[in-house]
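Notes for the one structure printed next.
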Amino acid sequence: MSKKPPFSELVRAFWKPYLRLLHYMLPYRKRFALGILCGVLAGSLSGLIPLVIKKAGEPLMAAGARLPDKSALWSGAVSNEGPGIEEVIGIALLIPLVMVARGIFSYLNVYSLAWVSLRVLRDMRTQLFGHLMSQSLDFFHREKAGTLMSRVMSDTRVTQTALTSISGDIIKDPIAVLTGIVVLVAIDWKFSLTTLVLFPICILPIVIFGRRVRQAGKAEEREMAQMSVILQETFAGVRVIKSFGREDYQTTQFARSSDVQCRNSMRVRRSSDIVQPLIESVSALGVVLAMLYVYVYGISFAKFAALCAGIFLLYNPVKNLSRIPMLMQKCMVSAQNIFELLEILPSITDRRESKALPPVRGEIVFDNVSFHYTPENAAVRDISLHIAPGCKIALVGASGAGKSTLLSLLLRFYDPGAGRLTIDGHDLRDITQNSLRSQIGTVTQETFLFHDTIFENIRYGRLDATAKEVEEAARAAFAHDFILAQPKGYETIVGDKGCMLSGGQQQRLAIARALLKNAPVLLLDEATSALDSESERMVQAALDRLSQGRTVVAIAHRLSTVLQSDCIVVMDQGRIVATGRHEELLAASEVYRSIYELQFHHAPV
């Protein structure tokens, strides 16, 4: 039977996320300190208001009792008995002066802490997004994009909102309560004890319902992430959804998730909102006790007004303090979600001694390389391949043969499980990832364009490229003419993932992007798969020119695009089964011959 952890450890575990959040405030500690100081002053002034009312009320009540009629105050008939009109106005102005001062400090408190928390939100989001960008490719294969979006947008916002409220209330309101209680006791300790005797009872609903808020809050955040997943997948796959007529199905899925989210939110609201009425009910009993005290013992009106004002002013700080545990529960849930992501380390990292890759010629060597996506699934096995600088290599084979895995290993999206992979003699694990990928251009079979202009999508290949260089790359990819035919030319917005363009046009922009990068190594994964025959010939001609002096590794299912390669590598079930030129492979490789006959004898090319 496992032992329960000590209470001190439970307390530390509870406060750890919040204390970690405070580290984000360190760059803004001066403004944070100003906000806290203003909160202290505002809380102190709140507690002192009853004393001011009593001090101002007693002489005014005494003076009013001595006046024979109201006109005597203005005639000065009682100028020798009690305070005059100037003194009365001065005493009366104490109350608004204190209220104005409290308002100013309260505003500065709220504004300063909001200023800090919004910058903490900005920093937290930036750090979280940057951390996600540093993750390896396998991380994004495991995680749902909608969940990550929810973490970056929703969880950080919940954390920031709670942080603002907690930081503002946890200093100001306790001081207001303590100062107010001290002042009330100083004015009349019997009355104060009579009315405040029920105060500890107010803690019970906070403790009881706080646990429920935490549990419901976790479920609420989980379902919020699920809603984000449904939204992201629906918008990303809208073409598939409409082609299958599944709009109603997606709407039902979203409605079901929204319903669960609604129920979880209501659980949170029930548990948090019930606290205030319970506290008010308990406070009402305190009012009854106070009235009985006044009836039995009798006190002056000025003192009674001061005490009532003090009790009234205590209500808001106590109410705010009752919200803090609820807010902390939600804050901790979101903060833990964020910190769990921040603690995930990339599976592919640069070693401390890694160096930047110098300009390369493009010699690539696979030395007995093996790689497994899962322990029981070998993607490639015992791959040994030498690619000379400036050589054009074509990878062919059935789907699942391991062709794309070789490209992923070259880009160091994964590290080999066995063997080594080098470029110009440099082991890829000994060089930085950015310096490696800066010298490799890629065009994949799944073209991705950003919701931006054609110009910016091409310039993504090299962000410092000039307009002339962008146009030259477009011409080389045979994209310039169709770009000029667009409504705004190079400034035309391509839509979400390039939806305003045809598949062939998207592919040519992707090729232009790779051409602009002008890298010594090119990886082409079905680079011409979306082109018609005429466009394919034009792009192939551009790629042939680009291949001069560069190393090209191309994947193509259509053998017509790789017949002129320097070397064709035939893969089957994760192994290299043959290498050579087209004519050699036709004679020597049964696998290659079957692929060739399937394409050229049974299907048009």
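The values are calculated or read from the model by the stated rules, or taken from the named source; none is laboratory data. None of the values given here were measured: they were computed from a predicted structure. Here the Cβ is made from the backbone with ideal geometry for all residues, glycine too, and neighbour counts use every protein chain on show.
Table: residues versus (1) outside any helix (DSSP H, G or I); (2) at pLDDT 75 or above.
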| position | (1), (2) |
| --- | --- |
| Ser2 | yes, no |
| Gly35 | no, yes |
| Leu41 | no, yes |
| Ile53 | no, no |
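Can we say Ser384 is surrounded by fewer than 17 Cβ atoms within 10 Å (Cβ to Cβ), in contact (Cβ under 8 Å) with a residue 24 or more places away in the chain and farther than 23 Å from Val591 by Cα? No; evaluated as a whole, the condition is false for this residue.
What are the residues in the range 127-154 that are modelled with pLDDT under 85 and of a type in the set (Ser, Thr, Tyr), if any? Of everything in the range 127-154, those that are modelled with pLDDT under 85 and of a type in the set (Ser, Thr, Tyr) turn out to be Thr147, Ser150, Ser154.
Do we find a residue being at pLDDT below 85 and in contact with a strand residue (DSSP E or B) (Cβ under 8 Å, 6 or more places away or on another chain) anywhere in the range 567-586? Looking through the range 567-586, none of the residues is at pLDDT below 85 and in contact with a strand residue (DSSP E or B) (Cβ under 8 Å, 6 or more places away or on another chain). Just give me the residues in the range 572-587 being farther than 16 Å from Leu559 by Cα and polar (S, T, N, Q), in sequence order. Scanning the range 572-587 gives a single hit, Gln573.
Every residue, every condition in (1) out of contact with any strand residue (DSSP E or B) (no Cβ under 7 Å at 6 or more places or on another chain); (2) modelled with pLDDT under 75, yes or no:
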| residue | (1), (2) |
| --- | --- |
| Gln329 | yes, yes |
| Glu343 | yes, no |
| Arg351 | yes, no |
| Gly362 | no, no |
| Asp367 | no, no |
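Which residues, taken from the range 17-35, are of a type in the set (A, V, I, L, M) and touching a Leu at 6+ places or on another chain (Cβ under 8 Å)? Result: Leu21, Leu34. Determine if the range 430-446 includes at least one residue that is modelled with pLDDT of 90 or more, surrounded by 17 or more Cβ atoms within 10 Å (Cβ to Cβ), in a loop (DSSP other than H, G, I, E, B) and not small (Gly, Ala, Ser). Yes - at least one qualifying residue is present in the range 430-446.
Each row is one residue, and each column tells you yes or no for (1) modelled with pLDDT of 80 or more; (2) closer than 30 Å to Ile230 by Cβ; (3) in the same structural domain as Ala33 (by TED's automatic domain parsing).
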{"residue": "Ala77", "(1), (2), (3)": "no, no, yes"}
{"residue": "Phe105", "(1), (2), (3)": "yes, no, yes"}
{"residue": "Val110", "(1), (2), (3)": "yes, no, yes"}
{"residue": "Val116", "(1), (2), (3)": "yes, no, yes"}
{"residue": "Arg125", "(1), (2), (3)": "yes, yes, yes"}
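The set of residues in the range 492-526 being at positive phi and either not assigned by TED's automatic domain parsing to the domain that holds Thr453 or not in a loop (DSSP other than H, G, I, E, B) (or both) consists of Lys497, Gly498.
Test Glu247 against the stated conditions and say whether it is closer than 27 Å to Lys330 by Cβ and either modelled with pLDDT of 65 or more or in contact with a Lys or Arg (Cβ under 6 Å, 6 or more places away or on another chain) (or both). It is false that Glu247 is closer than 27 Å to Lys330 by Cβ and either modelled with pLDDT of 65 or more or in contact with a Lys or Arg (Cβ under 6 Å, 6 or more places away or on another chain) (or both).
One residue is enough: does the range 81-94 have a residue meeting the conditions under 16 Å from the mean Cα position of the chain (by Cα), at pLDDT 70 or above and not in a helix (DSSP H, G or I)? The answer is no, given that none of the residues of the range 81-94 is under 16 Å from the mean Cα position of the chain (by Cα), at pLDDT 70 or above and not in a helix (DSSP H, G or I). In the range 455-470, of all residues being hydrophobic (A, V, I, L, M, F, W, C), over 27 Å from the mean Cα position of the chain (by Cα) and more than 22 Å from Glu526 (Cα to Cα), the one that is surrounded by the most Cβ atoms within 10 Å (Cβ to Cβ) corresponds to Val470.
Scan the range 333-376 for residues that are among the polar types (S, T, N, Q), outside the structural domain of Ile423 (by TED's automatic domain parsing) and surrounded by fewer than 21 Cβ atoms within 10 Å (Cβ to Cβ) and the total you get is 4.
What about Ile511, is it of a type in the set (Val, Ile, Thr) and closer than 22 Å to Ser547 by Cβ?
Yes; evaluated as a whole, the condition is true for this residue.
Quick check on Arg157: is it over 21 Å from Leu45 (Cβ atoms), at pLDDT 75 or above and assigned to a helix (DSSP H, G or I)? Taking the combined requirement at face value, the residue satisfies it. Note on the range 135-152: residues that are within 14 Å of the chain's Cα centre (by Cα) and loosely packed, with under 15 Cβ neighbours inside 10 Å amount to 1.
Of all residues in the range 426-461, which are free of Cβ contacts under 8 Å to residues at least 60 places away in the same chain and under 20 Å from Gly489 (Cβ atoms)? The answer is Phe450, His451, Asp452, Thr453, Ile454, Phe455, Glu456, Asn457, Ile458, Arg459, Tyr460, Gly461.
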